[in-house]
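Participant: Have a look at this one.
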Amino acid sequence: MPQADSLSFQVLEGWEQLPAGWRHLDVVGVAVDSKDQVFIYTRDEPRVIVYSRDGRFIRSWGEGFFTARTHGITIGPDDSVYCVDEGAHVVYKFTPDGKLLSTIGVKGVASDTGYDGSSVGSIKRAGPPFNRPTNLAVAPNDELYVSDGYGNARVHRFSADGKLIQSWGEPGMGEGQFNLPHGIFVDSDGRVMVADRENDRIQIFTPDGKFIEQWDDVQRPTNIYIGPDGNVYVSELWWRVGQKSFKQGQITTNQPSRVSVFNRKGKLLHRFGGDDPCAAGNFCAAHDICVDSKGDVYVTEVTYTFAVRNGVVPEDCHTFQKFALKG
């Protein structure tokens, strides 16, 4: 495994102090605020749960508000909380304690892309915002970028107050085309990094959507986060034998879910995860990732949606893990 430095992480089992009687079959998103408080976004009981850096429960909000298909959470530089509700086809902006500030998109209304609900392969054309959007990133100039993913093949760029500036992308495997733009992050230099999940790549664009390059040493990337060390952290989903990839074709060897760390030029620095999807420190279905100010890594998983409901793993398989930076 190529390694340019001494990056090493230790899983902290039992870190999350979930209130008694609570559960989350899927944790779709994670973000940290300016105080290193950890916000997770769940399904089953859709809500936002807030923890201290040492795992103590602080509060929750959003119960009864979100649809069952929550997806991505992002915290802006002013600690505003953006929640992507895939099932409602909207992005919400909240205060840190859950007061709704604004909404982008029309709740319950999907754009016309020809998508029939079966798979991303059914998308016939690119459409306006939104059809099952996935994640949001805040740029250094406070503009907002949204990956519009399950029912579309598009990236949308908005002003800070939610006015649409431009969109780019269409279904396909070429430069600037997408098969499930699932995660997004904007670097400090304005480069827009898109996790093009079902094309097994990360595409990188200028702020106005011009293609720069792509990174191919990833599998089903679900999201991207640049940590305080300047490195690029990527959560990657499991390819199971028998599944089919646009890039690889029929999957004939098990490719476990994992986390990869790259430098800003795309050189692999570190990678972790293993064959047993439910072992502590490994992953079943890594779905989102973020890094706090101390360099500790948080990874969420959609374990129920991806593997429990079809009997691949038991229901007690983990859905959220914290990794402490060693040394």
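The values are calculated or read from the model by the stated rules, or taken from the named source; none is laboratory data. In this text the structure is predicted, and so the values were computed from the model without any measurement. Cβ sites come from the backbone with ideal geometry, for glycine too, and all protein chains shown count toward neighbours. The area values use the complete protein model at the heavy-atom level, side chains included, leaving out ligands, DNA and RNA. Shrake-Rupley method; radii C 1.70, N 1.55, O 1.52, S 1.80 Å.
Participant: What is the chain's relative contact order, in percent, from Cα pairs under 8 angstrom and six or more apart in sequence? Intermediate values should be presented prior to the final figure.
Facilitator: Details: 930 pairs, mean separation 46.5, N = 327.
Relative contact order of the chain: 14 percent.
Participant: Taking 7 Å along the Cα-to-C-beta vector as the label spot, tell me the ARG240-ASP54 distance in nanometres, rounded to one decimal.
Facilitator: 4.0 nm
Participant: Beyond 20 Å, how much of the Cα-Cα pair distribution for region 48-103 remains, as a whole percent?
Facilitator: Working: 331 of 1540 pairs.
Considering region 48-103, 21 percent of its Cα-Cα pairs are separated by more than 20 Å.
Participant: Still on this model: Provide, in order from the shortest bin, the percent of all Cα-Cα pairs of region 90-244 in each 5 Å bin, continuing until the bin that contains the maximum pair distance.
Facilitator: With a bin width of 5 Å, the distribution comes to 2, 10, 19, 22, 21, 15, 8, 3, 1.
Participant: Restricting to DSSP loop positions (anything but H, G, I, E, B) with no more than 13 other Cβ atoms inside 10 Å of their own Cβ, which GluC sites (Glu not before Pro) remain in region 95-201?
Facilitator: Numbers: sites: GLU143, GLU175, GLU198; in loops: GLU143, GLU175.
Passing both the DSSP loop test and the Cβ count: GLU175.
Participant: Calculate one ³J(HN,Hα) per residue across region 10-24 by plugging θ = phi - 60° into the Karplus curve 6.51 cos²θ - 1.76 cosθ + 1.60, and present them in order as whole Hz with x for glycine and proline.
Facilitator: 3J(HN,Hα) across region 10-24, in whole Hz: 10, 5, 9, 5, x, 5, 6, 9, 5, x, 4, x, 8, 8, 9.
Participant: With every atom except the alpha carbons ignored, what do you get for Rg and Dmax of region 118-193, in angstroms?
Facilitator: 11.9, 37
Participant: Order SER34, SER147, SER167, most accessible first, counting only protein heavy atoms with a 1.4 angstrom probe. It would help to have the intermediate numbers written out before the result.
Facilitator: Numbers: SER34 90, SER147 0, SER167 35 Å².
Of SER34, SER147, SER167, the descending order of accessible area is SER34, SER167, SER147.
Participant: Another question, if that's okay. Under the Kirkwood approximation applied to all pairs of distinct alpha-carbon atoms, what is the hydrodynamic radius of region 153-209 in Å? Walk me through the numbers before you get to the answer.
Facilitator: Numbers: mean 1/r = 0.0869 Å⁻¹.
The Cα-based Kirkwood calculation yields 11.5 Å.
Participant: Using a 1.4 angstrom probe on heavy atoms only, work out the carbon and sulfur share of the accessible area of the chain in %.
Facilitator: Details: 6100 of 12640 Å².
In the chain, the share of accessible area belonging to carbon and sulfur is 48 percent.
Participant: So, one more: Which whole number in µm²/s is D for region 175-302 by Stokes-Einstein, with the Kirkwood Rh taken over Cα pairs at 4 °C and 1.567 mPa s?
Facilitator: Values: Rh = 14.7 Å.
Calculated translational D: 88 µm²/s.
Participant: Given C-alpha coordinates of the chain, what is the ratio Rg to Rh with the Kirkwood estimate of Rh? Provide the component values of the computation, followed by the final result.
Facilitator: Details: Rg = 18.0 Å, Rh = 19.4 Å.
Dividing the radius of gyration by the Kirkwood radius yields 0.93.
Participant: If eta is 1.306 mPa s and T is 10 °C, what Stokes-Einstein diffusion coefficient results for region 247-294, Kirkwood Rh from Cα pairs, in µm²/s? Don't jump to the answer; show the numbers that get you there.
Facilitator: On the way: Rh = 12.8 Å.
It diffuses with D of about 124 µm²/s by this estimate.
Participant: Something else now. Would you mind checking the radius of gyration and Dmax of region 212-280 based on alpha-carbon positions, in Å?
Facilitator: Taking only Cα atoms of region 212-280, I get Rg and Dmax of 13.0, 38 Å.
Participant: With every protein chain left in place, what is the accessible area per residue of region 141-235 in square angstrom, probe 1.4 Å? Each step should come with its number before you reach the end.
Facilitator: Working: 2860 Å² over 95 residues.
Heavy-atom accessible area per residue stands at 30 Å².
Participant: When 1/r is averaged over all different Cα pairs and the result inverted, which Kirkwood radius in Å belongs to region 45-143?
Facilitator: 14.7 Å
Participant: Quick one: order SER6, SER293, SER159 from most to least accessible surface, probe 1.4 Å. Write out the running numbers ahead of the final one.
Facilitator: On the way: SER6 100, SER293 75, SER159 25 Å².
In descending accessible area the options line up as SER6, SER293, SER159.
Participant: At a 10 angstrom cut-off on C-beta neighbours, averaged per residue, how do the peptides 13-25, 303-315, 214-226 rank from highest to lowest?
Facilitator: On the way: 13-25: 13.0, 303-315: 16.5, 214-226: 22.1.
Output ranking for 13-25, 303-315, 214-226: 214-226, 303-315, 13-25.
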